[in-house]
Amino acid sequence: MSNLRVEKLQAGYDRRLVFQDLNFAVEEGKITTIIGPNGCGKSTLLKTMGRILRQKSGTVYLYDQDIRQLATQEIAQKLAVLPQNPVAPAELKVEELVAYGRFPYFNHGQRDAAADRQAVEWAIQMANIMHLRHRELSQLSGGERQRVWLAMALAQETAILLLDEPTTYLDMVHQLEVLTLIKHLNQMRKTTVVMVLHDINHAARFSHKIVAMKAGRIVAAGTPQTIVTAEVLRTVFHIDARIMMDPREGVPVCFSYDTIQSENLAAGVQA
Amino acid sequence: MAESNKLRFTLSMAAGLVLLIMTLYLTLSYGINELTAAGLIQTLLGSHPTGEYDVLIYQFRLPRLILAGLIGGGLGLAGAVLQGISRNGLADPGILGINAGAGFAVILFMFFFRISLGGADWMAILAMPAFGLVGGLAAALFVYFFSRENGRLDSQRFLLTGIALGSGLSACSLYITLKMNPADFQTAALWSVGSLSYANWACVLTVTPWLLLLVPVILQKAVVLDLFQLDESSMRSLGMNVEREQGILLLCSTGLVSACVAVSGTIGFVGLIVPHLAKSLAGISHQRILPLAALLGMLLVILADFMAKNVFAPAELAVGIMVALIGVPYFIYLLFKSKA
């Protein structure tokens with residue numbers, strides 16, 4: 001089952017095409033992570049699926065409906081996107097930002113105040129930011145801020161969540177917190193999550209499915225066990241990865257790696 | 001903290017209203033002919049025994065006062081909207097060339113139809129805002145399309161294009177006023193710096209429909225203006241049709257400014273100073289900024305017009321000059337502050 005899929009998608013910026021003829025279906029109720037080197041088109045794919053970026057051709061289907069046929073406000077009730085570097089006024093209160101997540105339910109200035117309050121309350125608890133609710137954004141650390149933005153997306157109460165590098169700039173603990181939150185959400189609400197991550201071990205541990213992209217094409221897709229392998233990582237990232245199994249989580253872990261070029265160089269020195 | 005902003009908003013509104021009422025009283029009673037409080041109230045209620053101030057109040061002071069209030073409110077509100085959608089605190093109808101565009105269109109109208117502002121030709125006076133609107137909109141659209149890049153509004157370029165277009169159009173206006181006959185030139189020159197000395201009921205009637213039409217639309221968009229302070233991706237993710245909302249708000253604010261410019265000439269700086277004051281008093285929520293900006297705008301223009309009328313009495317300054325005298329230092333102060 002898929003509630004979000006793209007067909008023959010072509011997208012890019014100005015005259016530069018990032019990918020073309022891309023087909024991809026997101027599995028409903030699962031966490032999918034897109035990995036790949038910088039500039040491979042993973043963010044572009046995410047943005048196009050979330051109608052942040054307009055495709056040049058092809059179609060994005062949200063519940064089998066062409067996304068361009070739907071009102072953007074209607075889409076926002078089904079799908080939330082957390083961009084890479086969201087910006088908000090520094091004086092804004094945490095609670096106020098989270099409440100912005102209810103904008104999709106505004107109807108010509110009318111709102112269902114009770115439903116709004118409930119959703120905001122739930123999002124704040126879910127993101128574990130109760131203690132921050134009256135603070136200004138400028139007083140938050142990077143990790144706290146990311147959780148607040150996530151809470152805003154949660155307040156949208158969507159079945160689908162698209163996250164563009166949600167752990168970038170966060171320290172180890174905060175990265176884990178954000179990812180655990182996402183996993184929890186997926187388990188509790190069956191939320192479909194698609195995210196872009198750079199950390200392969202996080203991808204392996206927190207996703208049901210990993211999609212590997214390279215130069216605008218999807219080169220491999222499958223369970224962490226089939227994707228986090230020396231062969232796939234060699235094709236996608238040009239690295240020589242050393243993989244072992246984490247017995248506790250039952251997922252593959254890349255514990256170290258070398259670039260293939262430097263290995264050749266080392267071989268040359270030896271010779 | 002949100003509570004303290006709310007409190008400050010309520011206090012500011014209350015203080016503003018008290019000041020406004022005091023200014024109203026001052027403006028109506030003070031002048032070359034001074035009225036007592038009793039005389040003023042009696043005249044306003046129509047129960048003055050001799051009725052000697054009826055003409056002074058009803059034909060001169062009252063329409064001028066009301067017009068000053070309407071224009072101040074309109075310009076203040078338009079400034080708040082423009083600063084909101086451009087995410088730039090230096091945006092202002094004057095700086096963005098909207099004033100100059102509307103002004104140019106009105107000057108053209110005056111030139112070709114040879115009407116002086118004091119004229120009682122109602123059709124002409126009612127048609128002037130429409131001309132102003134066309135000019136203002138053309139200028140706004142020009143600036144808007146020249147400052148878009150990759151589908152988003154570049155707020156730096158928004159300002160620079162506006163300043164360039166504004167100076168160009170002012171030069172054109174000046175050229176045309178020089179070709180006018182001396183009587184029209186006098187009117188046009190006074191009008192181009194912004195003046196309320198020709199205020200009459202016809203002017204009030206001219207701006208009122210525009211305000212009644214556009215102000216409710218803008219007030220309803222307070223939440224949209226709040227969201228405009230986020231980045232573009234977040235706005236889209238929240239289901240906002242960014243282009244459409246930007247268009248509607250730009251149209252509304254341009255409409256307000258053009259209607260004001262058509263009757264009072266180009267009063268600058270109101271749309272710049274007032275939203276700043278409102279923001280520093282009431283925080284960043286547009287639900288509070290918008291009404292406060294309207295109130296402060298009224299207060300500023302009424303007060304400036306009062307000073308323009310009375311400081312050098314019996315000679316009169318143009319209200320636009322008075323506002324500029326206050327506005328220029330404030331603008332420079334803001335420039336310095338934004339650099340720091």
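Quick note: the coordinates plus some simple rules give every number you see, no bench work behind them. Since the model is a prediction, treat every value here as computed from it, not as a measurement. Note: ideal-geometry Cβ built from the backbone for every residue, glycine included; neighbour counts use all protein chains shown.
For the reader, a short list of remarks on this structure follows.
- When chain A is treated as a GNM with alpha-carbon contacts under 10 Å, the residue of A:V228, A:V60, A:V173 showing the greatest mean-square fluctuation is A:V173.
- Over the residues of chain A, the helix contribution to mean residue ellipticity at 222 nm works out to -10000 deg cm²/dmol, using -39500 (n - 2.57) for each DSSP H run of at least 4.
- Each Lys and Arg contributes +1 and each Asp and Glu -1, all at the Cβ; summed about the Cα centre of the protein assembly as shown, the dipole is approximately 580 debye.
- Fluctuation leader among A:L140, A:L179, A:L197 - chain A, Gaussian network, Cα springs under 10 angstrom: A:L140
- About the centre of its Cα atoms, segment A:1-154 shows a dipole size close to 400 debye [charges on the beta carbon of Lys, Arg (+1) and Asp, Glu (-1) only; nearest 20 debye].
- Electrostatic bookkeeping for B:G39 treats Lys and Arg as +1 and Asp and Glu as -1; over the other residues with beta carbon under 14 Å from its beta carbon, the sum is -2.
- Cα shape, segment A:99-245, gyration tensor, a/c 1.5 rule: prolate
- Segment B:2-339: relative contact order as a whole-number percent, Cα under 8 Å and 6+ apart: 31 percent
- Inter-label distance for B:A189 and A:Y169, nm, one decimal - labels placed 7 Å from Cα along Cα-to-Cβ: 5.6 nm
- The residues neighbouring B:F331, those whose beta-carbon lies less than 11 Å from its own, together hold a net charge of 0 under the Lys/Arg +1, Asp/Glu -1 convention.
- Anisotropy class of segment A:2-44 from Cα gyration tensor, a/c 1.5 cut: oblate
- Distance cut-off 23 Å, percentage of C-alpha pairs in chain A lying past it: 56 percent
- Cα-only Debye scattering, segment B:1-89: base-10 log of I(q)/I(0) at q = 0.15, 0.18 Å⁻¹: -0.74, -0.89
- Gyration tensor verdict on segment A:102-181 (Cα atoms; rounded if a/c is under 1.5, prolate if a/b is larger than b/c, oblate otherwise): prolate
- Folded to 0 to 90 degrees: helix A:172-189 orientation relative to chain A principal axis, Cα: 60 degrees
- Stokes-Einstein D (µm²/s) once Rh is taken as the Kirkwood radius of segment B:138-265 over alpha-carbon pairs, at 10 °C in 1.306 mPa s: 93 µm²/s
- The charge dipole of segment B:2-339, taken about its Cα centre with unit charges on the Cβ atoms of Lys, Arg (+1), Asp and Glu (-1) only, comes to about 560 debye.
- For segment B:197-237, convex hull volume per residue from C-alpha positions, Å³: 96 Å³
- For chain B, the longest principal axis of the C-alpha atoms and the axis of helix B:2-29 are separated by about 20°.
- Within segment A:1-112, all pairs of alpha-carbon atoms sorted by distance into 5 Å bins from zero give the percentages 2, 10, 18, 20, 19, 14, 10, 5, 1.
- Sites listed here are trypsin sites (Lys or Arg not before Pro) in segment B:144-229 whose DSSP assignment is loop and whose Cβ has at most 13 other Cβ atoms within 10 Å: B:K179.
- The region of chain B that goes longest without hitting one of the chymotrypsin sites (Phe, Trp or Tyr not before Pro) in a DSSP loop, each with at most 16 other Cβ atoms within 10 Å, is B:31-311.
- Largest-first principal axis extents of the Cα set of chain B (Å): 67, 53, 36
- Applying a DSSP loop filter and a limit of 13 other Cβ atoms within 10 Å to the GluC sites (Glu not before Pro) in segment B:1-74 leaves B:E34, B:E52.
- With coordinates expressed along the principal axes, the C-alpha atoms belonging to the protein assembly as shown extend over 107, 50, 48 Å, beginning with the largest.
- Over segment A:162-220, equivalent-ellipsoid semi-axes from the Cα gyration tensor in Å: 20, 15, 9
- The label-point distance for B:T208 and A:H238, in a model that sets each label 7 Å from Cα toward Cβ, rounds to 7.4 nm.
- When chain A is treated as a Gaussian network with alpha carbon springs shorter than 10 Å, the biggest mean-square fluctuation among A:Q69, A:Q156, A:Q225 belongs to A:Q69.
- Taking the longest Cα principal axis of chain B as reference, the axis of helix B:155-178 is set at about 30 degrees.
- Selection from A:Q139, A:L163, A:G12 lying farthest towards where the dipole of chain A points positive, charges on Cβ: A:G12
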